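The values are calculated or read from the model by the stated rules, or taken from the named source; none is laboratory data. A quick note: this is a predicted structure, and the numbers were derived from the prediction, not measured. Virtual Cβ from ideal backbone geometry, glycine too; neighbours counted across all protein chains shown. We work out accessible area using only protein heavy atoms, side chains counted, and drop any ligands, DNA or RNA first. Shrake-Rupley method; radii C 1.70, N 1.55, O 1.52, S 1.80 Å.
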Amino acid sequence: MPDESSPATTDPSRPTRGGGGGGRRRKPRAGRRKAFVITACTAAGLVVLAGAGAGFLYFKLNGNIKGVDINAALGPDRPANVDDGSMDILVLGSDSRSGANAKYGKDGGGARSDTAMVVHVYKGHQKASVVSIPRDTLVTRPACTDSAGNSVAGGNQQMFNTAYEVGGPACAVKTVEKMSGIRMDHYVEVDFSGFKKLINTLGGVDITTQQAIDDDKSHLHLAAGKHTLDGEQSLGLVRTRHAVGDGSDLGRIQLQQAFMKALINQIKDVGVFTSPKKLYDLADTATSAVTTDSELNSVNELAGFAGGLKGIGAGDMKMVTLPVQYDPADPNRVLPLEKAGAKVWAALKTDQPVPASALKGSAGDKGAAGSVVTSH
C-alpha cells in the first residue's frame, strides 16, 4: 500500500553498513499455488469464469494483466530454487503520482515502493508469515538493470524504496533477494488507484478504531468506533502515520498489518461465490489493479496461483516487521539489526516460524500503533 511521504533521499557519504546475500530458495509445486491479499478475490472470479467457458471474458481479463519478466531481467545471479512445496512472494505497493494517482501529490521523479512485504507460504499452504520491510531502511542496494535495459549502479546506505524508484520491479526483487538470501517465486504490485478500486469493488472493509484518527496529510478523519471504510478511506488508513503511535513509518506498518488482517477476515463474507456479477467485477478490477511477474500474467496462471487462498485465514498469518533500530544519525531512517534479521530469513529459508527472539528489541515493535485498528 502506498505512502504519502516525500521522495526518498540518500547520503552517499555515510559509512557503510553491510547488506545480506546468499542462501537457498524453494520452487513452488505446479497446480498448488496460493496467493496473498491483493489477488485473493481475483481467484474466485477467474476460476468460475474460466470454468464457464466465457471466451470473450477470458480475453478481456487476460488483456487487463500487466506482467514483468523478472527472471529475464535478473538472469542467473539469484538464490537457488529449492523445491520443498513452500513459496515466497514479494508484494509491493507503489506510490506513483502520475495518471489517476496525481491527486495524491506531485510526482517527485518516479514511483517508489512505500510498502513492501515478503510473504512466505509454508509447505502445505495452510499458514503464512509476512515480513514487512520499512521503506526507510538503509540497505546495500545491488547494481540492477532497469525496465529500459539501462544499468543502475548499486550503493551502500541507500533507502530500501530507492531500489524500485531507480530500477523498477526487478531491482526491488534483486534487493530483497540480496538482503534475505531467499529467491522470490513471484512478484505482485498494486498502486493508489488500483487499491482504491479493489476495496470499493469488495464493498468496503469493516474495522474498529480504538481511538480517533485525524491525519490531514493522509486525509483520514475517523472517530473512535466501528467503520466500513471505502477505497479512499482505506487508502488513507494505510498511508496514515502522523496521527497514531509515535508518528513513524514503523507505526504505519502496524496499521497496514492490522488492515490486512481485517481485509482477510472479511473476504469470505463478501458474497463472491453466490453473485456472478460480483465475481466478474472483482476479477476485472483485480486484474486491472495489479502488476505481476511474467509467470502470473495470464488468467489461468492467476487462477491457479490464487485458488487456494481460502485455506489461509488471518489467524493463519504471522505478520512481523524486519528487525530494525532507529539510525542515530537520522531518526527518520532505520538500520537493519543484522543478527536478528538473519534469524528471520533463516526461519523462512527452512520453512520454520519466525522465532520471537528475533524480534526482541526491534524498533519495529515500538511503533505504538498496533492496537489502534482491529476487525469488527
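A few remarks follow.
- Qualifying positions in the stretch 155-165 - outside any helix (DSSP H, G or I) and farther than 30 Å from Asp284 by Cβ: Gly155, Asn156, Gln157, Gln158, Met159, Phe160
- The residues of the stretch 121-151 that are among the small types (Gly, Ala, Ser) and over 17 Å from the mean Cα position of the chain (by Cα), listed by number, are Gly124, Ala143, Ser147, Ala148, Gly149, Ser151.
For (1) open to solvent by 40 Å² or more (accessible area, probe 1.4 Å); (2) part of a helix (DSSP H, G or I); (3) modelled with pLDDT of 95 or more; (4) under 26 Å from Ser375 (Cβ atoms), each residue gets a yes or a no:
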| site | (1), (2), (3), (4) |
| --- | --- |
| Lys310 | yes, yes, no, yes |
| Tyr326 | yes, no, no, no |
| Pro331 | yes, no, no, no |
| Leu335 | no, no, yes, no |
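- Any pair with Cβ under 7 angstrom, 6 or more apart, that starts in the stretch 62-79 at a residue that is within 12 Å of Thr291 (Cβ to Cβ) and ends at one that is small (Gly, Ala, Ser) and open to solvent by 50 Å² or more (accessible area, probe 1.4 Å): Asn64/Ser288
- Residue count for the stretch 337-362 satisfying the condition of being of a type in the set (Asp, Glu) and assigned to a loop (DSSP other than H, G, I, E, B): 1.
This table checks each residue for (1) among the acidic types (Asp, Glu); (2) under 22 Å from the mean Cα position of the chain (by Cα); (3) crowded, with 20+ Cβ neighbours inside 10 Å.
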{"residue": "Ile207", "(1), (2), (3)": "no, yes, yes"}
{"residue": "Ile213", "(1), (2), (3)": "no, no, yes"}
{"residue": "Leu220", "(1), (2), (3)": "no, yes, yes"}
{"residue": "Ala223", "(1), (2), (3)": "no, no, no"}
{"residue": "Leu229", "(1), (2), (3)": "no, yes, yes"}
{"residue": "Leu235", "(1), (2), (3)": "no, yes, yes"}
{"residue": "Thr240", "(1), (2), (3)": "no, yes, yes"}
{"residue": "Gly247", "(1), (2), (3)": "no, yes, no"}
{"residue": "Gly251", "(1), (2), (3)": "no, yes, yes"}
